[in-house]
1. Can you tell me which residue among 77, 48 is surrounded by 13 or more Cβ atoms within 10 Å (Cβ to Cβ) and at pLDDT 95 or above?
2. Condition (residue is out of contact with any strand residue (DSSP E or B) (no Cβ under 6 Å at 6 or more places or on another chain) and touching a residue at least 24 places away in the same chain (Cβ under 8 Å)) applied to segment 39-50: is it met by at least one residue?
3. Going through 71, 25, 56 one at a time, which residue ends up being farther than 24 Å from residue 1 by Cα, modelled with pLDDT of 90 or more and either under 15 Å from the mean Cα position of the chain (by Cα) or assigned to a helix (DSSP H, G or I) (or both)?
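The values are calculated or read from the model by the stated rules, or taken from the named source; none is laboratory data. Since this is a predicted model, take the numbers as computed values, not measurements. Backbone-built Cβ (ideal geometry, glycine too); neighbour counts: all protein chains shown.
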């Protein structure tokens, strides 16, 4: 699934600016755990989305569906993340694997996997 995602993203032939805006939209997601000012984050995300759409209109005149394809990639990425998270959480039921987890994984998933 990850390779399919990467290949699909590469096929979009995005400019560096589009990659940066897409990453920012992804990072500024109001439904992330720990977000306190959901309205402000959503407002920032909307402004970035508008900037991305404007960039696409100027630089890809025939690319009417490009924005939709990019947003679909974000949905695909979220699904990949959920699946990956489930796999790591399942390790908590397998004590033989718990010592092999990296400090970053232990920090992200906390006591769920240790």
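1. The conditions single out 48.
2. yes
3. 56 is the lone residue from the list that is farther than 24 Å from residue 1 by Cα, modelled with pLDDT of 90 or more and either under 15 Å from the mean Cα position of the chain (by Cα) or assigned to a helix (DSSP H, G or I) (or both).
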